[in-house]
There are 2 protein chains.
Amino acid sequence: MNDFSYYNPTKIEFGRGKEKNIGKYIKEAGYESVLLVYGTGSIKKSSLYDDTITSLQEAGISFEELDGVVSNPLLSRVNDGIKIAKEKKLQAVLGVGGGSVADSVKAIAIGALYEGDVWDFFTQKAEIKQALPVFTVMTLAATASEMNGNSVVMKDETKQKYSIQSVLVNPVLSVINPELMASVPKDYLAYSAVDAIAHSIEVYFTASSHPNFNSRIVESIIKSIMETTEILIKDPDNYEARGEFAWVATQALNGLTPAGTAGGTFPNHMIEHALSALYNVAHGAGLSVVIPAWMKWYKEKNLPMFERFAKEVFNLEGADAGINALESWFEKIGSPVTLEQAGIPQAGIKDLAENAAELGKLWGLSEAYTPEVISAILQKA
Amino acid sequence: MNDFSYYNPTKIEFGRGKEKNIGKYIKEAGYESVLLVYGTGSIKKSSLYDDTITSLQEAGISFEELDGVVSNPLLSRVNDGIKIAKEKKLQAVLGVGGGSVADSVKAIAIGALYEGDVWDFFTQKAEIKQALPVFTVMTLAATASEMNGNSVVMKDETKQKYSIQSVLVNPVLSVINPELMASVPKDYLAYSAVDAIAHSIEVYFTASSHPNFNSRIVESIIKSIMETTEILIKDPDNYEARGEFAWVATQALNGLTPAGTAGGTFPNHMIEHALSALYNVAHGAGLSVVIPAWMKWYKEKNLPMFERFAKEVFNLEGADAGINALESWFEKIGSPVTLEQAGIPQAGIKDLAENAAELGKLWGLSEAYTPEVISAILQKA
């Protein structure tokens, strides 16, 4: 067991209709004004936008709005939010949407209390020391952003998709109502499943030390994500499966799975960020392209875990059988497993590798993952 | 999925030597004085007492001491602690020891800010609205008290072993250093294993709704506790196993396993509290007596889960096979599985049943668990 600090102070309010209390929750936490952040309008097609406004008004919370957050969220929109939060001296930020909205409100929360450029934190030029309190109401389960301090944002001009991590932007409170996720299209359900699996699987394979208990938790997460995804593909209104999927996805990246492990890294996320940045591929779709290719390239470095994975998750013998089964499952649920399926030309590999390798420098992965290595991995896709 | 609120703001500092920072941790949290609570002297046989005092002094934390907390902790000693905390206007409480010490500091933390009798909270005559901040350094892994808001205390005169639960007494911070647990005797290791299994197993069998993911987590906990216990019996200094055991025991009662389940209850704990109260049996030893008897009595009410338990934990077919395997395992590690082995006479069953049934009234179990039913269960032990 590696030494660790575990601290996750986010309160989760899980269940039907909980979003209607969001004003009350913010009030009880001691805040009187928020920046309300959302995406490109889907919350206005449902009653969620109206319910949120009503809840804030009833609780006496004043608010400003920032809409237009897109998937693979942009720094420019984050900066728009920071400007409003500063000008109006807002006390908190509330994101209503999916992972991109949650990621954006965290960046806004940090930037609102910083005089310089918030991108400084993403390039590790500045250290996060304070942030406005963050609240979220989730409409998509995938990133676990509702219960962690991670935020991924892309700088528009340079196509750098970089991340930050601080418990200061762990949401104070997040609402997970599975009903709000019932309208997620099937392709995004598939991408979400891939993302949740990816979050738990990276440390599982790359850690130099990984206690059995952690392995069991990861395998439980993967099996439950696969099981509930298959139910939801056939029956999108299945509340039980939708709820279990959402809560399992939260567990996949809230600090539980790596606690006590040593040496784990996130090379698949590093490579995928380049796919999203340069080709605007959905994050989960990019991951399902990268993961099987990476597994084929990496398996010899940790054969026992690949054999264990095959056995525990698919009841199959041998590393290759497990890799093939996962790849087939990604394909079966409708997520791409080749660059071609994701609409990325072979000719793009060089730029992808260079973009990913730049991020690798920040993540301490530049020795193992040179542009040549990343190119070789992507050739397998 | 049942609606739920999940909130566990306890910070865990896990690893070698972390207890030497306890003064710093308390200082960083903003407190300058504590009541230091410990047991009957084992921390003075090791260097833990001296290390704690040194750490507090170096951080400039003033302190008073309360020693003499026994297993199955007593209300009288809690009241002694409350008196000191009030008189000296201490800002926080620090428990250094096992579950009984952790439970005692929580009761002291609540009583120190209450004008009436702290027992009012245990009998549900008063509602917990405030408490001093709690810190713990654990020397035994079993109760998960280091990461929950539970406290169990026994009223000396009436032999009522009752409990409270409030997030207000979730420790602000707990230190788990597996090295501090290496000297735990083998019988207490066994009792601790039983306790951790008991914490996760009760809701697993009694819930009216139990998502597959929760079942997988419970099975992971049980398998990892069994696996690490067997290693530690042979090799008490195995740091990896000691650490994994400790962290898994924490997960067994920190809110993770029941989240999203419905209708779960704790009848084995209810009955066991009577054994501990009337015969001063160690909590885990009492549980290993009660659980197999309860399982034999209860199995027909939820046969699918008993069959699943047999399959997933022991790779055996049929409810009875699973129950027998668990009972045999308790015996193998040296924990009693009959009243006789625990030194409790058959003639004591009537009083035990009445004591437990009284607690059942507070826990909403009085209809299902009349004194007659509890007697029938204990007859099987």
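Structure summary
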item	result
For B:F213: the one exception among (1) more than 8 Å from chain A (Cβ to nearest Cβ); (2) part of a helix (DSSP H, G or I); (3) surrounded by 22 or more Cβ atoms within 10 Å (Cβ to Cβ)	(1)
Every residue from the stretch B:363-381 that is buried (at least 21 other Cβ atoms within 10 Å of the Cβ) and small (G, A, S)	B:A381
Hits in the stretch A:265-295 (condition: surrounded by fewer than 21 Cβ atoms within 10 Å (Cβ to Cβ) and either under 13 Å from A:V152 (Cβ atoms) or within 14 Å of another protein chain (Cβ to nearest Cβ) (or both))	A:F266
Number of the exception - B:A142 against (1) modelled with pLDDT of 95 or more; (2) under 19 Å from B:V37 (Cα atoms); (3) not basic (K, R)	(1)
Selection status of A:G360, under 21 Å from A:S276 (Cα atoms), touching a residue at least 24 places away in the same chain (Cβ under 8 Å) and either crowded, with 17+ Cβ neighbours inside 10 Å or in contact with a Leu (Cβ under 6 Å, 6 or more places away or on another chain) (or both)	yes
Filter result (within 14 Å of chain B (Cβ to nearest Cβ) and at positive phi) within the stretch A:2-46	A:G15, A:G17
Unmet requirement for B:V172, which otherwise passes all of (1) under 27 Å from B:A126 (Cα atoms); (2) touching a Phe, Trp or Tyr at 6+ places or on another chain (Cβ under 7 Å); (3) assigned by TED's automatic domain parsing to the domain that holds B:A368	(3)
Top-ranked residue in the stretch B:214-233 [being among the hydrophobic types (A, V, I, L, M, F, W, C) and touching a residue at least 40 places away in the same chain (Cβ under 8 Å); ranked as nearest to B:Y298 (Cα to Cα)]	B:I222
Enumeration of residues in the stretch A:228-259 that are among the aliphatic types (A, V, I, L, M), assigned to a helix (DSSP H, G or I) and either within 8 Å of another protein chain (Cβ to nearest Cβ) or surrounded by 21 or more Cβ atoms within 10 Å (Cβ to Cβ) (or both)	A:L232, A:A241, A:A246, A:V248, A:A249
Count of the stretch B:280-305 residues which are part of a helix (DSSP H, G or I) and either over 15 Å from the mean Cα position of the chain (by Cα) or farther than 20 Å from B:T229 by Cβ (or both)	17
Residue in the stretch A:203-210 that is part of a strand (DSSP E or B), without any contact (Cβ under 8 Å) to a residue 60 or more places away in the chain and away from chain B (no Cβ under 13 Å) present	no
Condition check for A:V218: within 8 Å of chain B (Cβ to nearest Cβ), touching a Phe, Trp or Tyr at 6+ places or on another chain (Cβ under 6 Å) and crowded, with 21+ Cβ neighbours inside 10 Å	no
Lone unmet requirement of (1) under 12 Å from B:V289 (Cα atoms); (2) surrounded by fewer than 19 Cβ atoms within 10 Å (Cβ to Cβ); (3) touching a residue at least 24 places away in the same chain (Cβ under 8 Å) for B:A342	(2)
Condition met for B:Y49 (within 30 Å of A:N2 (Cβ to Cβ) and away from chain A (no Cβ under 14 Å))	yes
Cβ-Cβ under 7 Å pairs, at least 6 apart or on other chains, the stretch A:234-255 side under 25 Å from B:F14 (Cα atoms), far side charged (D, E, K, R)	A:T250/A:E146
Test set (1) within 14 Å of chain B (Cβ to nearest Cβ); (2) closer than 22 Å to A:S42 by Cβ - A:A262 fails condition number	(2)
Selection count, the stretch A:85-131, where residues are surrounded by fewer than 17 Cβ atoms within 10 Å (Cβ to Cβ) and aliphatic (A, V, I, L, M)	2
Flag if B:A102 is free of Cβ contacts under 8 Å to residues at least 40 places away in the same chain and not assigned by TED's automatic domain parsing to the domain that holds B:A246	no
Sole residue being in a helix (DSSP H, G or I) and more than 21 Å from the chain's Cα centre (by Cα), chosen from A:A325, A:A356, A:A277	A:A325
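The values are calculated or read from the model by the stated rules, or taken from the named source; none is laboratory data. In this text, all values refer to a predicted model and were calculated from it rather than measured experimentally. So basically every Cβ, Gly included, is an ideal-geometry build from the backbone, and we count neighbours across all protein chains shown.
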